[in-house]
1. Could you tell me the ratio Rg/Rh of the chain? Both radii from Cα atoms, Rh via Kirkwood.
2. Leaving out ligands and nucleic acids, note down the accessible area per residue over the chain with a 1.4 angstrom probe, in whole Å².
3. Count of lysine pairs in the chain with Cα atoms under 25 Å apart, counting only pairs 8 or more residues apart in sequence or on different chains?
4. Defining a contact as two alpha carbons under 8 Å apart and six or more residues distant in sequence, what relative contact order in percent does the range 150-217 show?
5. Relative contact order of the range 73-155: what whole-number percent is it, with Cα pairs under 8 angstrom and at least 6 residues apart?
6. Heavy atoms of the protein only, probe of 1.4 Å, neighbouring chains included. What is the accessible area of ASP188 in Å², nearest 10?
7. Using modelled backbone amide H atoms (1.01 Å from N, in-plane), which distant-in-sequence or interchain residues come within less than 5 Å of LEU210's amide H?
8. Which ³J(HN,Hα) values, rounded to whole Hz and listed in residue order, are derived for the range 111-123 from phi using the Karplus coefficients 6.51, -1.76 and 1.60 in 6.51 cos²θ - 1.76 cosθ + 1.60 with θ = phi - 60°, glycine and proline given as x?
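The values are calculated or read from the model by the stated rules, or taken from the named source; none is laboratory data. Quick caveat, the model's predicted, so the values are computed rather than measured. Methodologically, a virtual Cβ is constructed for each residue, glycine included, from the backbone with ideal geometry; neighbour enumeration extends over all protein chains shown. All accessible areas refer to the heavy atoms of the entire protein, side chains included, with ligands and DNA or RNA removed. Shrake-Rupley method; radii C 1.70, N 1.55, O 1.52, S 1.80 Å.
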Amino acid sequence: MRESTARSGQFCNPVEATLTPAMNRQMPNFGVGGFPPAFVRGTTGKDRSAIFAWLAGLGLNALELQMTRGANMPKHTCRLYRKLAENYGIRLSIHGSYYIVLSSPEPEKYRRSTESLLRTFELADELGVREIVIHPGSLYGQDEEEAAKRFVDGVGAFMEKLGRCGTGLFIETAGKLGQLGSVEAILDMASQVDGVEPCIDFGHVHARTLGGLSEAEAVAALGSRLVEFAARWPGKRFHFHYTPIHYGLRGEIQHRALSDIRPLGISGRSEPFYPRPEPVAEVLRRILSRFTAISETLDSQEEGGLALQNLCLR
């Protein structure tokens, strides 16, 4: 097992730490990834801190902060966001850097990844965040089983050095075939390491399986697998991402909006992009534990979040 640069218990709040009302809520949380264009175009869009009031006004209660280029948010901004999230009942999560690659066979890249992830945990502590999402990384020319073993070794070393912590590290299903992140691999890796939990991105699953979630029955089958996992590992939480998606032979190409359609050949007919929100909401209704569902629908994140919430809670 490779050594991590993470420092045990220096900053991370313990599991017993007092959580905000939004974090204690047993009901699921629905929200958006990043700052939707509809918010940015509004009269308060230039003031990013207004996102909390904007989401609460829509009836959404979750925001995933996009730190995909690095954990660089000033600490005074973190403290402001934490206060606003508490005031408006918004559950915060973080999407970590794309450059965090704990499956890398290169020691220097692994070292830089653990340092970046440690900074993310530090900012999470300032923000009051309990959910950090990362991608496991590339297969590096190996089969998924070998890459998964390397990831488990790497993330296990990091989490051991980090110490017991109330913030979970959620590993996300991958959208491209050359990446580590099938549903089975994600669930298996999450089951092996304390503090590591699954993030199921329905759009990514659809793209990776080249259209595998087009039918409601296939989405339901995925739901059954998640319910089975939850029964076997009752201490694990779920985090979800949702978007319809455009895919090609290698998997994910682009997120799409709920209203986007694609032509079917020269027939003049068309169809929407999949997966659709209705069967996804049926899966979420079967998850008994608290979870967060983040919409990443193209330039319309709030529309996807509201659709899932309305379908799931009706």
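1. Computed over Cα atoms, the ratio is 0.95.
2. Normalised by residue count, the accessible surface of the chain is 44 Å².
3. Final tally of qualifying lysine pairs is 11.
4. Worked out over the range 150-217, it gives 33 percent.
5. Reported as a whole number, the value is 38 percent.
6. Only protein atoms counted, so the area is about 80 Å².
7. Hits under the 5 Å cutoff: none.
8. 4, 4, 5, 5, 5, 5, 5, 4, 4, 5, 5, 4, 5
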